[in-house]
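Presented below is the structure to which this report refers.
The values are calculated or read from the model by the stated rules, or taken from the named source; none is laboratory data. Since the structure is predicted, the reported quantities are computational estimates derived from the model, not experimental observations. Cβ placement follows ideal geometry from the backbone for every residue including glycine, while neighbour counts extend to all protein chains displayed. For the accessible areas, the whole protein counts, side chains as well, though only heavy atoms, and no ligand, DNA or RNA atoms are used. Shrake-Rupley method; radii C 1.70, N 1.55, O 1.52, S 1.80 Å.
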Amino acid sequence: MSPWSIDSPGADINIGIGTREVAVESRRPRWPPARKPASPAAPRSVPMPETQWFTQAGVFDALRAALEPTPDGVVPQAPSRTRGVHIVLDDFWGNHAILRGDFRTLRAREVDEIARAHFVDTYGVDGETIVVRACVQRGGRAMFASALPRALVDGMGEASASAGARMLALKLCLPEMLNRTLPSMPRANAMIVFAADALIQAVLIEADCWACYDAQRLFAGDACDTAKVTLLAEQAFERCAERTTLRREDCALGFYGPGNAIDLAALQARFASVTTLAPPNACHELEEAESFARHLLEYAQ
């Protein structure tokens, strides 16, 4: 899945936008510099006030604050040109869908309109209030589509401009995670589960083709609760498999989440196999947890 905006070699800032904070770091150059650069500054995070968690206003205020130049040089001043930013969003801020059909003869604009119609029908929104991106899988029989509120996209653009920056690329995290994890799956029939922050998301694959997408809300402590994650994974499979011939016992599971806090044996007993798709991270209380917004930065590069 490509970003909503066109990439540019002039971009020099990566931004990760979570549900409670915004993370920022200097963007690594695409080509090696002629001379060895100074050691890059560590990423930094700008927390949102608790009253602004999960709100667009919190995103806009934290984004403006993150783009303010700092003495440590995380966001370098460049008076000779407008700074560019690449943004990756937590999937809480958007919606995804997998649509099945024959898209082989359709133009990109027609594919986007089909995706837009799906989100309009599913969520009862005005088509003009969302920004849609769609990608047709090789073979033309399945589409992965994403949608963001237009107000959020426009607001981030305005917040960036007010800080002397220009938004060059915008991505939701899930398509990026899928691109990196799919090659690790051992079977053609599989379900990949991503448990992180506010959502647990599942993508079902049948015969190496996208089959269905499912998402459920996570609340404090859910991602570290073995019984809860196992139940949600089973529920996701049952919903996703309704229009397929797949059986849970014959389906591989790819799990991306706080692995060493989850008893994977519970999942292994229910699926054909379980593959851990990311290094396990311990679960802590929110104030002690590793910033998920910082985790998003690795998908901005």
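A few points about this structure:
- Taken over the range 82-93, the residue count meeting the criterion of being farther than 22 Å from Gln56 by Cα and not in a loop (DSSP other than H, G, I, E, B) is 1.
- Screening Ala211 on (1) modelled with pLDDT of 95 or more; (2) out of contact with any Leu (no Cβ under 6 Å at 6 or more places or on another chain) shows it passes everything except condition (2).
- Residue-level check: of (1) open to solvent by 30 Å² or more (accessible area, probe 1.4 Å); (2) of a type in the set (Ser, Thr, Tyr); (3) within 23 Å of Asn14 (Cα to Cα); (4) in contact with a strand residue (DSSP E or B) (Cβ under 8 Å, 6 or more places away or on another chain), Ser162 misses just (4).
- Within the set Arg64, Arg30, the sole residue that is surrounded by 11 or more Cβ atoms within 10 Å (Cβ to Cβ), among the charged types (D, E, K, R) and either modelled with pLDDT under 65 or under 22 Å from the mean Cα position of the chain (by Cα) (or both) turns out to be Arg64.
- Note on the range 112-139: residues that are open to solvent by less than 80 Å² (accessible area, probe 1.4 Å) and more than 27 Å from Ala293 (Cα to Cα) amount to 14.
- Restricting the range 287-301 to residues that are farther than 18 Å from Gln201 by Cβ and open to solvent by less than 80 Å² (accessible area, probe 1.4 Å), the residue that is modelled with the lowest pLDDT: Ala289
- Taking the range 138-193 as the range and being part of a strand (DSSP E or B), within 23 Å of Thr82 (Cβ to Cβ), more than 17 Å from the chain's Cα centre (by Cα) and of a type in the set (Gly, Ala, Ser) as the test, only Ala165 passes.
- Among the residues of the range 113-127, the one identified as out of contact with any helix residue (DSSP H, G or I) (no Cβ under 7 Å at 6 or more places or on another chain), assigned to a helix (DSSP H, G or I) and over 25 Å from Thr244 (Cα atoms) is Glu113.
- Whichever residue in the range 94-111 is assigned to a helix (DSSP H, G or I) and of a type outside the set (Asp, Glu) and, among such residues, is least open to solvent (accessible area, probe 1.4 Å): Val111
- Scanning the range 194-210 for residues that are open to solvent by less than 20 Å² (accessible area, probe 1.4 Å) and not aromatic (Phe, Trp, Tyr) yields a count of 8.
- Looking only at the range 211-229, and only at residues there that are part of a helix (DSSP H, G or I) and of a type in the set (D, E, K, R), the one that is most open to solvent (accessible area, probe 1.4 Å): Lys228
- Boolean, Phe119 is in contact with a Lys or Arg (Cβ under 8 Å, 6 or more places away or on another chain) and among the aromatic types (Phe, Trp, Tyr): no
- Filter result for Gly84 (modelled with pLDDT under 65 and under 14 Å from Arg166 (Cα atoms)): no
- Scanning the range 230-257 for residues that are under 8 Å from Met191 (Cβ atoms), out of contact with any helix residue (DSSP H, G or I) (no Cβ under 9 Å at 6 or more places or on another chain) and outside any strand (DSSP E or B) yields Ala236, Cys240.
- Looking only at the range 79-129, and only at residues there that are of a type in the set (Ser, Thr, Tyr) and within 30 Å of Leu297 (Cα to Cα), the one that is farthest from the chain's Cα centre (by Cα): Ser80
- Of all residues making up the range 109-151, the number that are modelled with pLDDT under 95 and among the hydrophobic types (A, V, I, L, M, F, W, C): 0
- Residue count for the range 194-210 under the criterion of being under 12 Å from the mean Cα position of the chain (by Cα), assigned to a strand (DSSP E or B) and among the small types (Gly, Ala, Ser): the result is 2.
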